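The values are calculated or read from the model by the stated rules, or taken from the named source; none is laboratory data. Owing to the predicted nature of the structure, the values given are computational and were not obtained by experimental measurement. Cβ: placed from backbone, ideal geometry, glycine included. Neighbour counts: every protein chain shown. These accessible areas exclude ligands, DNA and RNA; they are computed on the full protein's heavy atoms, side chains included. Shrake-Rupley method; radii C 1.70, N 1.55, O 1.52, S 1.80 Å.
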Amino acid sequence: MNIILIGPPGSGKGTQAEFLKNTYGLVHLSTGQMLRDEISEETVLGQKAKEMIDSGQLVADDLMVSMLNDTLVKPDYRVGVILDGFPRTVKQAVCLDEMLKELDRTIDHVIQIKVDESVLMKRITGRFYCGQCKANYNDFFKLPDEKDVCDICGASDFLRRPDDSAETLKTRLKKYQEETQPIIPFYIGKGVLKDVDGSLPMEEVSRQIAEIIEK
Ligand SMILES: [Zn+2]
């Protein structure tokens with residue numbers, strides 16, 4: 001079983017990928033990591049990719065798909081994968097489809113985790129964490145029981161990630177829309193796209209995903 005997860009930053013994609021991994025034994029395949037591995041292992045494909053990156057180009061679609069092909073035939077990956085961050089373009093989606101066909105495999109489900117921008121804003125701009133024990137909090141959803149005191153360890157130094165600003169999130173969401181929107185009709189056309197409501201609690205989102213998969 002092969003699954004593509006699509007969702008904006010803050011949609012809980014990482015959590016749901018973890019759920020799929022633990023529940024169905026799928027392998028979470030990060031194409032960014034795969035690319036870094038191929039480059040550091042200096043494989044033929046990795047060297048080609050490095051040349052492109054060094055000369056300021058994007059790694060070509062067919063090269064990404066070839067790497068994915070080499071990864072998917074490894075024994076660990078035979079049970080199925082969760083793809084996230086790939087494909088990003090219709091051309092990549094078409095290449096991926098052709099490659100899978102040759103391996104006698106297919107994309108079984110494309111799950112889009114939908115969350116309103118206002119919710120994503122609160123999730124991301126509101127989050128902070130304990131500087132001591134790293135416990136997570138949120139201005140809108142989860143403040144410490146006692147003001148400015150960590151529930152877990154009692155410390156009072158809280159931190160925020162500099163990237164969690166409204167401005168950065170807006171830029172990331174815009175990029176996400178531009179990259180993702182074109183591939184949605186492609187998978188709708190193949191009858192494999194399903195939406196889940198990512199504004200619900202994560203256990204409920206997992207339940208919806210399980211329902212889609214087990215249908
Ligand atoms: Zn703490």
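Here Ala49 meets the list (1) open to solvent by 40 Å² or more (accessible area, probe 1.4 Å); (2) farther than 24 Å from Gly14 by Cα almost entirely, failing just condition (1).
Could you tell me which of the residues Asp163, Asp97 is away from the ligand (no atom under 16 Å from the Cβ) and part of a loop (DSSP other than H, G, I, E, B)?
Numbers: Asp97 fails: part of a loop (DSSP other than H, G, I, E, B).
Answer to the selection: Asp163.
All conditions but one from (1) under 16 Å from Ile188 (Cα atoms); (2) aliphatic (A, V, I, L, M); (3) modelled with pLDDT of 90 or more apply to Val90; the one that does not is (3). Scanning region 74-114 for residues that are open to solvent by 50 Å² or more (accessible area, probe 1.4 Å), among the hydrophobic types (A, V, I, L, M, F, W, C) and under 20 Å from His28 (Cβ atoms) gives a single hit, Val79.
Scan region 66-78 and give yes if some residue there is part of a loop (DSSP other than H, G, I, E, B), aromatic (Phe, Trp, Tyr) and in contact with a Ser or Thr (Cβ under 8 Å, 6 or more places away or on another chain), otherwise no. Let's see the steps before the verdict.
Pass one, region 66-78, residues part of a loop (DSSP other than H, G, I, E, B): 73-74, 78.
Filter once more, so that each one left must be aromatic (Phe, Trp, Tyr): none.
No; the residues of region 66-78 include none that is part of a loop (DSSP other than H, G, I, E, B), aromatic (Phe, Trp, Tyr) and in contact with a Ser or Thr (Cβ under 8 Å, 6 or more places away or on another chain).
In region 141-158, what residues are at pLDDT 95 or above and either away from the ligand (no atom under 16 Å from the Cβ) or open to solvent by less than 60 Å² (accessible area, probe 1.4 Å) (or both)? Those that are at pLDDT 95 or above and either away from the ligand (no atom under 16 Å from the Cβ) or open to solvent by less than 60 Å² (accessible area, probe 1.4 Å) (or both): Pro144, Val149, Cys150, Gly154, Ala155, Phe158. Just one of the numbered conditions (1) part of a helix (DSSP H, G or I); (2) farther than 18 Å from Ile82 by Cα is not true of Tyr137: (1). Considering only region 30-44, I want to know if a residue exists there that is more than 30 Å from Phe141 (Cβ to Cβ) and touching an Asp or Glu at 6+ places or on another chain (Cβ under 6 Å). No, the conditions are met nowhere in region 30-44. The residues of region 52-65 that are open to solvent by less than 70 Å² (accessible area, probe 1.4 Å) and assigned to a helix (DSSP H, G or I), listed by number, are Met52, Asp61, Leu63, Met64, Val65. Candidates are the residues of region 115-132 that are without any contact (Cβ under 8 Å) to a residue 24 or more places away in the chain and surrounded by 13 or more Cβ atoms within 10 Å (Cβ to Cβ); the one that is farthest from the ligand (Cβ to nearest atom) is Lys122.
State which residue is farthest from Pro9 (Cα to Cα) when the search covers only region 178-190 and only residues that are open to solvent by 90 Å² or more (accessible area, probe 1.4 Å) and assigned to a helix (DSSP H, G or I). Looking at residues that are open to solvent by 90 Å² or more (accessible area, probe 1.4 Å) and assigned to a helix (DSSP H, G or I), I get Ile188.
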